[in-house]
Structure formats: structure tokens, C-alpha cells
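Take a look at the structure below.
The values are calculated or read from the model by the stated rules, or taken from the named source; none is laboratory data. Note that the coordinates shown come from a computational prediction; the quantities given were computed from them, not determined experimentally. Cβ sites come from the backbone with ideal geometry, for glycine too, and all protein chains shown count toward neighbours. The accessibility values were calculated without ligands, DNA or RNA, using every heavy atom of the protein model including side chains. Shrake-Rupley method; radii C 1.70, N 1.55, O 1.52, S 1.80 Å.
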2 protein chains.
Amino acid sequence: MSQTVRKGERTRSRILEAARVVFARHGYERATIRAIAAEADCDKSSVIQYFGTKQQLFREAVDWQVDLGELAAEDPRRQGESYLRSMLADFTDHPDVPMIALLRAAMTSEDAAQLLREKVTAGSIDPVAATLEGPDVRLRAALIGAVMFGVTVQRELLRLPDLAAADLEDVLRLAAPLVQQLLDTPHGAPTGDL
Amino acid sequence: MSQTVRKGERTRSRILEAARVVFARHGYERATIRAIAAEADCDKSSVIQYFGTKQQLFREAVDWQVDLGELAAEDPRRQGESYLRSMLADFTDHPDVPMIALLRAAMTSEDAAQLLREKVTAGSIDPVAATLEGPDVRLRAALIGAVMFGVTVQRELLRLPDLAAADLEDVLRLAAPLVQQLLDTPHGAPTGDL
């Protein structure tokens, strides 16, 4: 690959990273291409050249995928813990993750809310649902997402004191069984391997 | 009570209701006293007269309290269902509830986030914790809040399709047991009466 192409890719990456930071801090509507360019230390014209519009930049900046392969627990009875531990760790390690940007934007922009619905459904609910057996597969997968979302947002984003101050292992000890209950087929058998 | 006093209270109420609508739609920082006055169909000077500052108006507008007395289930084994049903119904019935305004604002304003922490802790976590027995009372109460928050926000606010399209009774059938599990003292005995 030529040096010019590599440099272009680095610039593109830098802009995406800057966009995540700006969208996460200011929300979708208050974010500007000018602010993103400044955060990326490049020209406004470069941002437009690579991404065209704020909307397109936003769609790419908040692109994320749950890789269930990475999260497969050796013991299916610990799958709930694996999912929840991973989601909480993601937020702890990467405070400006795409999810925060998207969530903030979704609160006040219907375009962003629709994008959030599409991404969460395709990126996490569909893959988890595909691993479930028994009745209510879609709703169970959606509730797994909702439960993990609630715990993660309140602990890591809103930082409600009782949750934020608790030891991660205590949170998992009490909350992972809830996720596991949704994963398990009624009458107790854990869902088979991924 | 004199007519003047009653009229003053009605105006004050109308302003608070208008504030909830404007804060819920625009978030804390983008909301203006001018917009709230317009929504309340009164003068900007009236808003300032009754509340002083946007910050004070915000604090009063998002004031809400969980009244656990209303939510006590006759059968303690159905307490989880009672809590969750009530929270979901609140959002369905009152789409501009104070919680939405506060949550949106908390995403981009640290002042609003701190207010949210105080209100949720005092208004719902403290009262629920007071009803629990056994270990981890604070964390269990906080997780009850987080689980219900996740389900409610994703179903009623973000309207993720699988959750929003599901019948309420199906959501409760699958999610109420999770709340109940946190309410129940380990080893299965439901928490005593409220």
C-alpha cells in the first residue's frame, strides 16, 4: 500500500476518533464539523472530503459490533457473566465509546434514535437471539440487552453512587444470574454452545 | 385561600409543566427560559419571578418521588411485577415525565447528572433498600432500579423494536422475575411486607 493511501487511512481514522469524542461530549445536534476538525487537528475540508456530511460521519463513528465469538464462555452456565463482564469492561476501558455518543444523540435526535435502534438490533440482539432456544427468543434477547444496558449506563455513564462504588465482582455476582436466567431455556437447561 | 393565591399556584404549576416539556424535548443546556415561558403561555418575567433561575426551575421540574405505599403488592412474591408494571405504565401514560427530562439533561450536563444521582438515590433506591432483608441491601436496591431503568428506557424511550412491539404482559412475564430475584432474600424467602 502506498504511503499516500496509508496516510489517508490514518487521517480518516483520526477524524472518526475525533467524531466519537465530540458526539459523545456534545450530542448529535450540537456537534459541528468544525469542532470535529479541530479535535482531529485537520481542516474542515478534509472532514467533508472523507465523510461528506455530519450524518454520514455520525453513522460511521458510532459503528460497533458485538463479537459474540470473543464472548463465548467455556461453561454455558457462565455465559451471562461473560456478556455482562465484557460490556461493563468496555465502558470502563473506553469512556468515549461509540455507544455513549449514540445514546446521547438518540435522546434528542430522532434520526440518531433510529440509527441506535438499527445498530443495537443488528449488532447485539440478532446475534444473541440466534444462540437461544425455546420460546420468546427475540424478547429474551432484547431483555438481555436492556438489563445489561441498564446496569452499564447507571454504573458507568450516570454513575449512580451505589452501583459505581460497588466492586465489579459484587455487581456480577448479583446481576449475571439475571442475564443467565434469560439465556437459559425455561425449565433450567442452559442454551447450547455458540 | 384567596383567588390571587390560587391563580398564582396555577401559574406556577403551568410553568413547571411547561418546563418538563421543554427540558424533556431539548435537554437542559438547550432549554431556555424564553422557550419555557412560551410553552407556558406566560411572560419570561413570570418564570423568573416564580423560580429565579433555570437551574432552580430544573430542580423543581424534575422532582419526583416513588410512592412505595401505592406500589405495595398484596402478595410479596409479586412485588417485582408491581414495581415494574408501575414504572412501565408511568412512561406509557406520561411521555414527558420528569425522568425523561432529567435523563436527557444528565447525558450532557454534569450538574444535571449530579441532580439525577441524588434524586434516584433518595427517591427510589433508599425506599426500596429499606424494605429489603439479608446481605447486599444497597446494591440489590440499586440493581432493581438499574434493571427497571434499562427495560423502561429501551422499551418506552428509545423504543427498540423487539421490546416496544412486545405485549406488556409478555415483558412482565419475563422481566418481573428478575426484579423479584433481587427483592428476595437469598435462599428464596420473599422480603416481608412494606
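At 1.4 Å probe size, with the rest of the protein present, what percent of the exposed accessible area of the protein assembly as shown is carbon and sulfur atoms? The computed percentage sits at 48. Cross-link pairs exceeding 26 Å in C-alpha to C-alpha distance, out of B:Lys7/B:Lys54; A:Lys119/B:Lys54; A:Lys54/B:Lys44; B:Lys54/B:Lys119, comprise A:Lys119/B:Lys54; A:Lys54/B:Lys44. Residues B:Arg117, B:Arg34, A:Arg30, sorted by accessible area with the largest first, give B:Arg34, A:Arg30, B:Arg117 [1.4 Å probe; ligands and nucleic acids excluded]. Across the copies of the chain, A:Thr32 has label points (7 Å from Cα along Cα→Cβ) spaced 1.6 nm apart, shortest distance listed first.
Using a 1.4 angstrom probe and counting only protein chains, how large is the accessible area of B:Ser13 in Å², to 10? Roll a 1.4 Å probe over it and B:Ser13 shows about 70 Å².
Using the Cβ-Cβ distance between A:Thr92 and B:Thr53 with R0 set to 51 Å, the FRET efficiency works out to roughly 0.90. The charge dipole of region A:7-76, taken about the Cα centre with unit charges on the Cβ atoms of Lys, Arg (+1) and Asp, Glu (-1), comes to about 680 debye, rounded to the nearest 20.
What 222 nm value per residue comes from the helices of chain B, counting each DSSP H run with n ≥ 4 as -39,500 (n - 2.57) and dividing by all residues, nearest 500 deg cm²/dmol? The partial results should precede the final answer.
Numbers: 12 runs with 134 residues, N = 194.
Only helices count here, giving -21000 deg cm²/dmol.
The residues packed around A:Leu158, meaning those with a beta-carbon under 13 Å from its beta-carbon, carry a net charge of +2 if Lys and Arg are +1 and Asp and Glu are -1. Only protein heavy atoms count here; under a 1.4 Å probe, B:Ile48 has an accessible surface of about 80 Å². Between chain A and chain B, the total buried accessible area stands at approximately 3900 Å², from heavy atoms with a 1.4 Å probe.
Kindly provide the Kirkwood hydrodynamic radius of the protein assembly as shown in Å, to one decimal, from all pairs of distinct alpha carbon atoms. Don't jump to the answer; show the numbers that get you there.
Values: mean 1/r = 0.0446 Å⁻¹.
About 22.4 Å, per the Kirkwood formula over Cα pairs.
Among chain A residues, the beta-carbon with the smallest distance to the axis carrying A onto B is reported, with distance in whole Å, as A:Gly150, 1.
Here B:Gly123 yields copy-to-copy label distances, from shortest upward, of 3.0 nm, the label point defined as 7 Å from Cα along Cα to C-beta.
Label-to-label distances for B:Gly134 across copies, nearest first, come out at 2.0 nm, using points 7 Å from Cα in the beta-carbon direction.
Need one value for B:154-160: mean number of C-beta atoms belonging to other chains within 10 Å of its residues' C-beta atoms.
On the way: counts 10, 3, 0, 3, 9, 5, 11.
What the average comes to for B:154-160 is 6.
From the protein chains alone at 1.4 Å, what is the descending order of accessible area for A:Asp170, B:Asp111, largest first? Mind showing how you got there, number by number?
Details: A:Asp170 60, B:Asp111 95 Å².
I get B:Asp111, A:Asp170, largest accessible area first.
Going by the alpha-carbon gyration tensor, a ≥ b ≥ c the square roots of its eigenvalues, is chain A rounded (a/c under 1.5) or, if a/c is not under 1.5, prolate (a/b greater than b/c) versus oblate? Before the final figure, lay out the partial values.
On the way: a/c = 2.23, a/b = 1.91, b/c = 1.17.
Prolate shape, in that a/c is at least 1.5 and a/b is the bigger ratio.
Can you give the mean number of other chain Cβ atoms that lie within 10 Å of the Cβ atoms in peptide B:133-146?
Details: counts 0, 0, 2, 4, 1, 5, 10, 3, 1, 12, 13, 0, 6, 15.
Across the residues of B:133-146, the mean count of other-chain Cβ atoms within 10 Å is 5.
Residues of region B:1-24 with backbone nitrogen within less than 17 Å of a virtual label 7 Å along the Cα-to-Cβ line of B:Asp43, please, listed as ranges. It comes to B:7-9, B:11-12, B:15, nothing else.
Shielding by partners for A:27-38, please: the mean number of other protein chain Cβ atoms within 10 Å of each residue's Cβ.
What the average comes to for A:27-38 is 1.
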